[in-house]
Amino acid sequence: MKTDGKIYGIGVGIGDPEDITLKALRLIRESDILVLPREDISKCRAYQIVKKVMPEIADITTLPLEFEMVKDAGEREKNHIKIYETVKDLVMQGKTVSFLTIGDPAIFSTFSYIADLAREDGIDTYSVSGISSITAAANRLGVALCEKEDQLHVISEISDIQGSLDLPGTKVIMKCGRDIGVIKGILRKRGDSISVYGVSDCGSEKEKCYMTLEDLPDEGNYMMTLLIKSKLGDR
């Protein structure tokens with residue numbers, strides 16, 4: 001499918017506008033249309049992050065879409081196809097369309113599904129790295145994700161959390177605030193064999209850091225990241 005249009009997935013980090021790369025800002029400026037993951041721009045975290053360091057983003061045409069986070073695989077696929085077909089029409093007109101993505105577009109991003117569909121049609125897609133919650137939370141806490149022979153495991157949901165916790169090395173549980181009470185109960189049963197750290201709303205004005213399991217709240221918001229490390233003698 002021949003077109004001069006392109007699709008970009010641009011990572012803008014997780015909250016601190018100083019974390020946005022120069023490359024990301026350049027490509028945003030060069031975009032014809034910005035796809036946003038929220039219909040309400042005022043509540044679109046990715047857009048508001050960029051706006052703090054690039055006010056002229058207001059002059060770029062936006063396409064606000066609601067990226068529905070549904071568990072049913074069939075419904076998710078329908079949503080992805082719907083988003084892609086909307087974007088495809090623009091790309092076929094020769095437009096450069098960029099998805100603003102929280103964190104990094106290579107990590108649990110809707111953009112990756114859109115890119116797969118585009119590549120099937122022979123449309124060029126490009127990803128631009130952004131700082132992810134995984135590395136941002138670890139650096140904010142001053143905790144190394146990996147040392148020596150450590151493995152790193154990223155856990156996106158807790159249906160098999162017991163099995164996930166049995167994996168060696170460091171475990172990162174993403175976007176887990178809504179399940180934090182359940183997770184705390186499970187982690188307590190691990191006793192002193194692990195160290196637990198957490199960050200909620202990392203990079204934002206509401207950021208909170210937790211250095212022990214008992215520091216963690218019993219209820220949390222969606223944007224919470226946990227780091228779980230086996231203590232030295234148990235690695």
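Throughout, read-outs are computed from the coordinates displayed, never taken from laboratory work. Computed from a predicted model, the values in this text were never measured in an experiment. Don't worry about glycine lacking a Cβ; one is built from the backbone with ideal geometry, like all the others, and counts go over all protein chains shown.
With the Cα gyration tensor of the range 133-234 giving a ≥ b ≥ c as the square roots of its eigenvalues, does the rule (a/c under 1.5 for rounded; else a/b larger than b/c for prolate; else oblate) give rounded, prolate or oblate?
The shape class here is oblate.
I'd like the per residue volume of the convex hull spanned by the Cα atoms of the chain, given in cubic angstrom.
136 Å³
Which ³J(HN,Hα) values, rounded to whole Hz and listed in residue order, are derived for the range 107-122 from phi using the Karplus coefficients 6.51, -1.76 and 1.60 in 6.51 cos²θ - 1.76 cosθ + 1.60 with θ = phi - 60°, glycine and proline given as x?
In residue order, the calculated couplings are 10, 6, 10, 4, 4, 4, 6, 5, 4, 4, 5, 5, 5, 4, 8, x Hz.
Can you sort 160, 124, 201 from fewest to most other Cβ atoms within 10 Å of each residue's own Cβ?
The fewest-first ordering by Cβ neighbours comes to 160, 124, 201.
Which ³J(HN,Hα) values in Hz, rounded to whole numbers, follow from the phi angles of the range 28-37 under the Karplus curve 6.51 cos²θ - 1.76 cosθ + 1.60, where θ = phi - 60° and Gly and Pro get x?
The phi angles translate into 5, 4, 7, 7, 7, 9, 10, 8, 10, x Hz.
In whole Hz, what ³J(HN,Hα) sequence does the range 124-139 give by Karplus (6.51, -1.76, 1.60; θ = phi - 60°), x for Gly and Pro?
In residue order, the calculated couplings are 6, 10, 9, 10, 10, 4, x, 5, 8, 5, 5, 6, 5, 5, 4, 5 Hz.
Suppose R0 equals 22 Å. What FRET efficiency, 1/(1 + (r/R0)^6) with r the Cβ-Cβ distance, do residue 52 and residue 209 give to the nearest 0.05?
0.50
Over the C-alpha atoms of the range 6-128, what are the Rg and the largest Cα-to-Cα span, Dmax, in Å?
Spelled out, the Cα radius of gyration and Dmax of the range 6-128 are 13.5, 38 Å.
For an R0 of 41 angstrom, estimate the FRET efficiency from the Cβ-Cβ distance between residue 166 and residue 62 and round to the nearest 0.05.
0.35
Taking residue 6 as the anchor, which lysines have their alpha carbon closer than 21 Å to its alpha carbon, excluding any fewer than eight residues away along the same chain?
23, 82, 88, 95
Subtracting the Cα-Cα distance from 0.36 nm times the residue separation, let me have the gained length for residue 158 to residue 192 in nm, one decimal.
10.1 nm
Could you calculate the contour length gain from residue 86 to residue 39, that is, 0.36 nm times the residue separation minus the distance between their Cα atoms, to one decimal place in nm?
Result: 15.5 nm gained on full extension.
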